[in-house]
Amino acid sequence: MSDTAGGERDTGASTETEDQPDPREAGAAVPPATPTGRRARWNIRRFVVDTRPLSILPYRRLWTSTIITSVGSQLTAVAVPKQIYDITGSSAYVGLSGAVALVPLIVFALWGGAIADAVDRRKLMLFTNTGIAITSLLLWAQAAAGANSVWLLFGLLALQQACAGMNQPARSASIPRLVPAPLLPAANALSSTVFQTGSIIGPLLAGAMIPVVGLSTLYLIDSIALTVTLWAVWKLPPLPPLDGAPRRAGLRHVLEGFAYLATRKILLVSFLADVIAMVLGMPRALFPQMAQETFGDPPGGGFALGVLYAAIPVGAVLGGLFSGAFSRIRRHGVAVVGAVCLWGLAIVGFGLSPWLWLAAFFLGVAGVADLVSMVFRGTIMQSAATDEMRGRMQGVFTVVVAGGPRLADLGHGMAGAAVGTTLAVSGGGILVVIVMLCAVAAFPIFWRYRGPDH
């Protein structure tokens, strides 16, 4: 189902050069994952993370830069709300920063997706990564100078999120041009694992570094780390539009992306699956209340709260480390449905857990399920959408991923206040399973969807 028609391709599947034809068109073999034979069936390496995409030099450079920048971005993600609270002493302003970040992210992700389909994606990534680096440097400058202006901080945050919104569709839509279709699940698992690892390590480093080097230094470290990304993107081969791609990126082209999505049931249900899982089954807004009321934290916060926030990312990282079998899963639709249902069941278990260790276990299982869903939904978008539409589909994906958890915060917060945390959380998990199965019943084509042949 991946688009392989026409146009220049950029790299071989297992070569160290950057100007070889795409193996999907040249017929190059995908590097073998494990030795053949009966004993290989039981080889644990078949289940450890599949690193074959790293044999492709451009992808390896991009992935290596992500290791550094995923941690750096988390330093800024901690520093911004901390600085806002230090300036204002108000959690309301911290909450407002979420809306300040979300609005430009949504707008520029949709527009950036259209741009990514109209221009050389490598050049767009260079431009937007430069913008992110400059805003990080400006964040450092205002903090080091002691500006103490929350509105200046909001303005820089909005600018940075606008650049990030334009960057993400181009970055994600470029991967199918660098990696052969059968290795897309493995490539997405590698990227997702790095992202989740950064979401664990970054906040821990930020908490440890602020008292030692000061808050402003976190911004500076992030801006320096972004130079690695700039180098990696600079070394990528050109990624111009393939034949038939639009050369402009106005509102009409954004709307064309939505029209395209409406006619592609496979893509539509893949988005719907994430909305179902996140909006109905992401209970993070209730973590503070549950940490205190259910697991015995003191009013000011404690160990249980940290465990609850860390459990899902830890589960996702563990799932990524044992994702070697992903490349051999052909039923991508079944994988997404199973992962979303497992997420829902794990959230039910979490909501009913009276002990912290059991709650952490179920959240860890939910993290594994989220990783599986993320990998195969991303793969479906990259392989089922044509190249001239991939940027716009990735733009919609960015909006869904960013907006879903925030809607969940609102819904679960209201439900928790109305019916209590146990019913709100476990009821949401049950709804995830029911609604996901109803969606599959309404669109059985998604259940039957298979990934590209090896």
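Data table
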| item | result |
| --- | --- |
| From the options A118, A92, A109, A99, residue that is in contact (Cβ under 8 Å) with a residue 12 or more places away in the chain and part of a helix (DSSP H, G or I) | A109 |
| Residue within region 349-367 that is assigned by TED's automatic domain parsing to the domain that holds A259, touching a residue at least 40 places away in the same chain (Cβ under 8 Å) and within 30 Å of P240 (Cβ to Cβ) present | no |
| Unique match (being touching a Cys at 6+ places or on another chain (Cβ under 9 Å), more than 30 Å from G413 (Cα to Cα), buried (at least 18 other Cβ atoms within 10 Å of the Cβ) and not charged (D, E, K, R)) among T128, T69 | T128 |
| All helices (runs of 4 or more DSSP H) inside region 233-323 with 3 or more residues being in the same structural domain as A360 (by TED's automatic domain parsing) and within 20 Å of the chain's Cα centre (by Cα) | 265-281, 303-321 |
| Criterion violated by G349 - all others in (1) within 30 Å of R328 (Cβ to Cβ); (2) surrounded by fewer than 24 Cβ atoms within 10 Å (Cβ to Cβ); (3) within 23 Å of the chain's Cα centre (by Cα) satisfied | (3) |
| Odd one out for R122 among (1) over 19 Å from the mean Cα position of the chain (by Cα); (2) surrounded by 23 or more Cβ atoms within 10 Å (Cβ to Cβ) | (2) |
| Meets criteria (touching a residue at least 60 places away in the same chain (Cβ under 8 Å) and over 19 Å from R61 (Cα atoms)) for L126 | no |
| Criterion: of a type in the set (S, T, N, Q), more than 27 Å from F195 (Cβ to Cβ) and modelled with pLDDT under 85 - qualifying residue of T17, T34 | T17 |
| Single residue of G338, G351 found to be of a type outside the set (D, E, K, R) and over 20 Å from V440 (Cα atoms) | G351 |
| Those residues of region 217-250 which are closer than 16 Å to A133 by Cβ and of a type in the set (G, A, S), in sequence order | S223, A225, A232 |
| Residue within region 188-206 that is more than 20 Å from the chain's Cα centre (by Cα), part of a helix (DSSP H, G or I) and either buried (at least 24 other Cβ atoms within 10 Å of the Cβ) or touching a residue at least 12 places away in the same chain (Cβ under 8 Å) (or both) present | yes |
| Residues of region 292-343 classified as over 21 Å from F362 (Cβ atoms), out of contact with any Pro (no Cβ under 6 Å at 6 or more places or on another chain) and touching a residue at least 24 places away in the same chain (Cβ under 8 Å), total | 9 |
| Given (1) more than 16 Å from P241 (Cα to Cα); (2) among the polar types (S, T, N, Q); (3) more than 15 Å from the chain's Cα centre (by Cα), number of the condition T386 does not satisfy | (1) |
| Verdict on F322 being of a type outside the set (A, V, I, L, M) and surrounded by fewer than 20 Cβ atoms within 10 Å (Cβ to Cβ) | yes |
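For every residue, the table says whether it meets (1) touching a Leu at 6+ places or on another chain (Cβ under 7 Å); (2) within 30 Å of F322 (Cα to Cα); (3) modelled with pLDDT under 85.
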residue: A40; (1), (2), (3): no, yes, yes
residue: Y59; (1), (2), (3): yes, yes, no
residue: I67; (1), (2), (3): no, yes, yes
residue: I106; (1), (2), (3): no, no, no
residue: A118; (1), (2), (3): no, no, no
residue: S136; (1), (2), (3): yes, no, no
residue: L152; (1), (2), (3): no, no, no
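Quick grid of which residues meet (1) in contact with a Ser or Thr (Cβ under 9 Å, 6 or more places away or on another chain); (2) surrounded by fewer than 22 Cβ atoms within 10 Å (Cβ to Cβ); (3) within 23 Å of A189 (Cβ to Cβ):
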{"position": "L345", "(1), (2), (3)": "no, yes, yes"}
{"position": "G367", "(1), (2), (3)": "no, no, yes"}
{"position": "D387", "(1), (2), (3)": "yes, no, yes"}
{"position": "D409", "(1), (2), (3)": "no, yes, no"}
{"position": "S426", "(1), (2), (3)": "no, yes, no"}
{"position": "V435", "(1), (2), (3)": "no, yes, no"}
{"position": "I445", "(1), (2), (3)": "no, yes, no"}
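The values are calculated or read from the model by the stated rules, or taken from the named source; none is laboratory data. Because the structure is a prediction, the values reported are computed rather than measured. Note that we place each Cβ from the backbone using ideal geometry, even for glycine, and neighbour counts take in every protein chain shown.
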